[in-house]
Each structure stands twice: as C-alpha cells, then as structure tokens.
Amino acid sequence: MLRGLYAAGSGMIAQQRRQEMLTNNLSNVNTPGFKADQASLRTFPNMLINALGTDHQQAFGTNRVGELATGVYMQEQTPNFRQGDMQETGNNTDIALLQGLVPQDDDTGQDALLVYEILNNDGEIRYTRNGNFTIDGQGFLTDSQGHYILGVDGDPINVQNENIRVEANGQIFSDANELLGQINVAVVADPSQLVKEGNGFLRYDGENDVITAVGNAAVTYQLQQGFIERSTVDTAQTMTEMMNTLRTFEANQKVLQAYDQSLERAVNNVGRLG
C-alpha cells in the first residue's frame, strides 16, 4: 500500500513541475525569440513480483506474477529551438535573426543554432535570440535590459543613433553610409548544451568552442531589420497541455486520498477489540 502512496505522490510532483514549465511558457508567449520548453517524463524502474509458496519451485521465486510500477518523474525540460515566426515592427533597432543552412550534429542529427552574442552584467558572454534591441545614452547597441550586443571583433557596437541601416549579413551603416560595425552571429553546434538563465539569456556549457557564422561558408543566415522573431510558444497547445496536466494531477491526488483513507481504516478499525 505504501508503494502506491509513493507512486501517486511522485506523479503529483512530476505534474506540478510540468505545470510550472507550461505556465512559464505561456507567460513568455509575447517575448521575442523565446524558445518554449518541453518536458520529458520517465518512469522509475519497475519491480518484479514473484509469488512465494511452500514448494521448492516457488520458494526460489520462479513463479513470476508480473511487474509493479514505482512512480514517474520529470527527467528534463528541453527548449524547442525551432525558428520562430517573423513579426514586422518597423523599428530600426529591431533585428530578427533568420536561420538558414547550418551544420548538423553527427551523433544526434540536431541542427546547430545561430544566436547573438551579448555581454551580461558580470562581463561574461551570453547568447540570445531576442532581437528587440535599443540604443543606450552613449550610442551603443544593447538589448532591452541595457546589455551590450557584441560585434565580430568581440566589442560592443557604437551606432551613435537610431538612424541606421542593417544589412542581411549584419553590417550596420549610418545615414551617411558610414560602416559602424557588424553584428556577430555565433554558431552553437550542440544547442542541448545551452542553459536558460532568464532575461532571454542562454549560457553555453559545452566543451567545444562557439564559432562565428560571419564568413563561414557552411552557414547561411539573414538579419531582417524592422522585424522580431516571435516565441515558439503555441498558445492553444499549451493551454490544452495545462488542462491535461491538471486533470492528471487531480487523478493522482484522488488515488493518494484513497490510500490515505485505507490506511486510516487499517489503523483505527483493524484489530479493534469489542
């Protein structure tokens, strides 16, 4: 009976974590470049049940009854790094990254991911797909939080003002046709090594170096000025999954309550004298 309690309890915990993930996806449906997370649920190893009897054959557990499930858990949540839809804004500092031909991982067959390089508050390089840029008081190209966008030389890009023209390869020109810099586009060969840090930041924990897509013949991409990449969150599907998750949680909750009532009867009624 206690095993049933553990199985139902683990199911409730797994569904709660999945619900939190889906809620976070839904809250970022309008965040440019946001990649929706997907959950992977796994079961704990099953236990073999053997019947024990008085004869020699059953005493050694050869009379197998079946298997007993021991619960479920959410093994991991992985972002869906597919290309999001483009939305036109008309803002000169909105620059969407349109991914084209990229290398594939030999083992997994997964496509590499193209990202912008950005400098966080600690001076460390992070990555993002959020092209909702702006210009700070000193004329540097930054994200909406004020973090510097890095160029191909690894330094922040000073564009002076919003009167800029961004070419498809990331080169930035002033209204006087002066080259101000070029936005770097990085190639992450294994996107599964990217970890979300909040504010649209992605931290790379892989062993291989992140290379640049600029001048790389194996990579094609296009920057579109005046556009942003929408999130990959499907609102209708997410709402449906949230309702299914809630119902599954409630089903496990009822099972847990049934076990609790059975234990209560066993403690209070079984073996009562008189």
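The values are calculated or read from the model by the stated rules, or taken from the named source; none is laboratory data. These numbers were taken from a predicted model, which means no experiment stands behind them. Because the Cβ atoms are built from the backbone with ideal geometry, glycine has one as well, and the counts that use them run over all protein chains shown. In case anyone asks, the SASA skips ligands and DNA or RNA and just uses the protein heavy atoms, side chains included. Shrake-Rupley method; radii C 1.70, N 1.55, O 1.52, S 1.80 Å.
In the range 156-175, what count of residues is obtained for those that are among the acidic types (Asp, Glu) and open to solvent by 80 Å² or more (accessible area, probe 1.4 Å)?
Here the count works out to 2.
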key: Of all residues in the range 22-45 being in a strand (DSSP E or B) and not acidic (Asp, Glu), the one that is farthest from residue 231 (Cα to Cα)   = 43
query = Quick one: in the range 112-123, which of the residues that are touching a residue at least 12 places away in the same chain (Cβ under 8 Å) and farther than 21 Å from residue 29 by Cα is most open to solvent (accessible area, probe 1.4 Å)?
reply = 121
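Quick test for you: out of 142, 134, pick the one residue that is under 22 Å from residue 180 (Cα atoms), free of Cβ contacts under 8 Å to residues at least 24 places away in the same chain and part of a strand (DSSP E or B). Steps first, please.
Numbers: 134 fails: free of Cβ contacts under 8 Å to residues at least 24 places away in the same chain.
Selected residue: 142, the only one of 142, 134 that is under 22 Å from residue 180 (Cα atoms), free of Cβ contacts under 8 Å to residues at least 24 places away in the same chain and part of a strand (DSSP E or B).
Just checking, how many residues over the range 178-203 are within 19 Å of residue 106 (Cα to Cα) and in contact (Cβ under 8 Å) with a residue 60 or more places away in the chain?
Filtering the range 178-203 for residues within 19 Å of residue 106 (Cα to Cα) gives 187-194.
Checking which are in contact (Cβ under 8 Å) with a residue 60 or more places away in the chain leaves us with 187-192, 194.
The number of residues fulfilling the criteria is 7.
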ask   = Taking into account only those residues within the range 242-274 that are open to solvent by less than 50 Å² (accessible area, probe 1.4 Å) and in contact with a helix residue (DSSP H, G or I) (Cβ under 7 Å, 6 or more places away or on another chain), which is nearest to residue 6 (Cα to Cα)?
value = 252
inquiry  = The conditions are (1) open to solvent by less than 70 Å² (accessible area, probe 1.4 Å); (2) of a type in the set (D, E, K, R); (3) over 24 Å from residue 87 (Cα atoms), and residue 136 fails exactly one of them. Which is it?
reply    = (3)
note = Exception for residue 148 within (1) open to solvent by 50 Å² or more (accessible area, probe 1.4 Å); (2) touching a Pro at 6+ places or on another chain (Cβ under 8 Å); (3) at pLDDT below 95 falls at (3)
request  = Quick one: which residue in 199, 177, 208 is on the phi > 0 side of the Ramachandran plot and modelled with pLDDT under 90?
outcome  = 199
message = Against the condition among the aliphatic types (A, V, I, L, M), touching a Pro at 6+ places or on another chain (Cβ under 8 Å), assigned to a loop (DSSP other than H, G, I, E, B) and surrounded by fewer than 19 Cβ atoms within 10 Å (Cβ to Cβ), how does residue 218 come out, does it pass?
response = yes
message = Need the failing condition index for residue 102 against (1) open to solvent by 50 Å² or more (accessible area, probe 1.4 Å); (2) more than 29 Å from residue 136 (Cβ to Cβ), just the number.
response = (1)
Extreme residue, surrounded by the fewest Cβ atoms within 10 Å (Cβ to Cβ), among residues of the range 221-235 that are aliphatic (A, V, I, L, M) and closer than 21 Å to residue 90 by Cα = 223
